[in-house]
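The values are calculated or read from the model by the stated rules, or taken from the named source; none is laboratory data. The model shown is predicted, which means the values in this text are computed figures rather than measured ones. Glycine also receives a Cβ, built like all others from the backbone with ideal geometry; neighbour counts cover every protein chain displayed.
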Amino acid sequence: MDESELLARLRTGDDDAFAAIFREHYPVLVVSATRLLAERALAEEIVQDVMLELWRRRDSLVLAGPLRAYLQQATRNRALNRLRQARTAQRGEVYVRGPTESPPADARVVSVELRLAAEKAIASLSAPQREVFEMNRQRGMTYNEIAEQLGISVKSVEARMGRALKLLRDQLAPWLPDAG
């Protein structure tokens, strides 16, 4: 049976035509995708997706060339998309997991120094600023809850917290990463 007859039968939903196309093209497509992805299981998954999409689009499929070329290009595109997704996910892992290298040898000393500097900076806040800061950051209270408990407006809580954070940023600047 030639390709045009096979495609015509596929368009009508003929399972046997689809099975014949699958058997003929699947092995070659898997080898092609494996070359790109370097992982056979992933390549098989990609080719199965391509074949599934061929079945889904069978009634509206219009080919400009041979079916083999269409399937090769579809497989290549999906494999390249998967590689792009993997690269993007890999770049994002640094932000999710953090750097993978070991902490510096002096990390414990730096950690203690930073904690002491933060305690000193918090202690230097005015009483109203420190109170709002501690209620929010240490007790986890919302601005609304703080305002209600202290009998002040939410705007006052926001102002006190804003001033407290600015003072803390200024005092802890040597410990913070550069913003630029």
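Restricting the search to the stretch 56-82, which residues are within 18 Å of residue 27 (Cβ to Cβ) and either touching a residue at least 24 places away in the same chain (Cβ under 8 Å) or under 25 Å from the mean Cα position of the chain (by Cα) (or both)?
Just the residues of the stretch 56-82 that are within 18 Å of residue 27 (Cβ to Cβ), to begin with: 66-76, 78-79.
Selection gives 66, 67, 68, 71, 72, 74, 75, 76, 78, 79.
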Inset, instruction - Tell me, please, whether a residue that is surrounded by fewer than 10 Cβ atoms within 10 Å (Cβ to Cβ), β-branched (Val, Ile, Thr), modelled with pLDDT under 70 and in a helix (DSSP H, G or I) can be found in the stretch 98-107. - result: no
Inset, instruction - Pick out, from the stretch 122-180, the helices (runs of 4 or more DSSP H) lying fully within it that include 2 or more residues that are under 25 Å from residue 111 (Cα atoms). - result: 127-137, 154-171
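With respect to residue 123, determine if the residue is modelled with pLDDT of 85 or more and more than 30 Å from residue 35 (Cβ to Cβ).
On the way: modelled with pLDDT of 85 or more: yes; more than 30 Å from residue 35 (Cβ to Cβ): yes.
Yes.
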Legend entry - Residues located in the stretch 54-64, provided they are among the charged types (D, E, K, R) and either surrounded by 14 or more Cβ atoms within 10 Å (Cβ to Cβ) or not in a helix (DSSP H, G or I) (or both): 57, 58, 59
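Does residue 124 satisfy the condition of being polar (S, T, N, Q) and farther than 20 Å from residue 171 by Cα?
no
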